[in-house]
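*Asks:* If you scroll down you'll find the structure; I have some questions about it.
The values are calculated or read from the model by the stated rules, or taken from the named source; none is laboratory data. None of the values given here were measured: they were computed from a predicted structure. Neighbour counts run over all protein chains shown; Cβ positions are idealised from the backbone, glycine included.
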């Protein structure tokens, strides 16, 4: 039987964050609520939240076939969805950027001094073991704490 007379000062439940980055997928097929709830639970009073959506670049061979107004409409739809999500958290800002998701999330967190990243993950499939998921890349390379939610 374990008998502790003093609480462990490194108790993980006492860790709170003040600058939380929440990468989100801004389409109707994804539920971002678990990530938002986790971020809220990990936040200090007055914490700043950044919701980040990374748009992967479209290969030039495909993008040349897509009308620019279609791409602009897609980007506008994502921006509107991000704006709605941002209103669900206090002190939240939204960012829509382009790049490779795993690298861009880590770079963004480093550049803006995030002390925690709350990233959603799916159950890994065979392809993830060879290529690595976005969440796995963030966990491997982030310089701050990372909380993965499923």
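*Asks:* Keeping to the range 55-73, report how many residues are loosely packed, with under 13 Cβ neighbours inside 10 Å and assigned to a helix (DSSP H, G or I).
*Replies:* Here is the first cut: in the range 55-73, the ones loosely packed, with under 13 Cβ neighbours inside 10 Å are 56-57, 59-70, 72-73.
In the following step, the residues that additionally are assigned to a helix (DSSP H, G or I) were identified as 60-63, 68-70, 72-73.
The total comes to 9.
*Asks:* Going by the conditions given, is residue 143 over 13 Å from the mean Cα position of the chain (by Cα), at negative phi and in a loop (DSSP other than H, G, I, E, B)?
*Replies:* Yes.
*Asks:* For the range 74-129, enumerate the residues that are part of a strand (DSSP E or B) and either farther than 21 Å from residue 38 by Cβ or at pLDDT 90 or above (or both).
*Replies:* Of everything in the range 74-129, those that are part of a strand (DSSP E or B) and either farther than 21 Å from residue 38 by Cβ or at pLDDT 90 or above (or both) turn out to be 92, 93, 94, 95, 96, 97, 98, 116, 117, 118, 119.
*Asks:* Take residue 143 and decide whether it is touching a helix residue (DSSP H, G or I) at 6+ places or on another chain (Cβ under 7 Å), over 25 Å from residue 28 (Cβ atoms) and loosely packed, with under 15 Cβ neighbours inside 10 Å.
*Replies:* Spelling it out, residue 143 is indeed touching a helix residue (DSSP H, G or I) at 6+ places or on another chain (Cβ under 7 Å), over 25 Å from residue 28 (Cβ atoms) and loosely packed, with under 15 Cβ neighbours inside 10 Å.
*Asks:* Something else about it: Given the conditions (1) at negative phi; (2) surrounded by fewer than 19 Cβ atoms within 10 Å (Cβ to Cβ), and given that residue 108 satisfies all but one, which numbered condition is not satisfied?
*Replies:* (2)
*Asks:* Next question, about the same structure. Name the residues in the range 1-54 that are exposed (fewer than 12 other Cβ atoms within 10 Å of the Cβ), at pLDDT 90 or above and in a helix (DSSP H, G or I), would you?
*Replies:* 41
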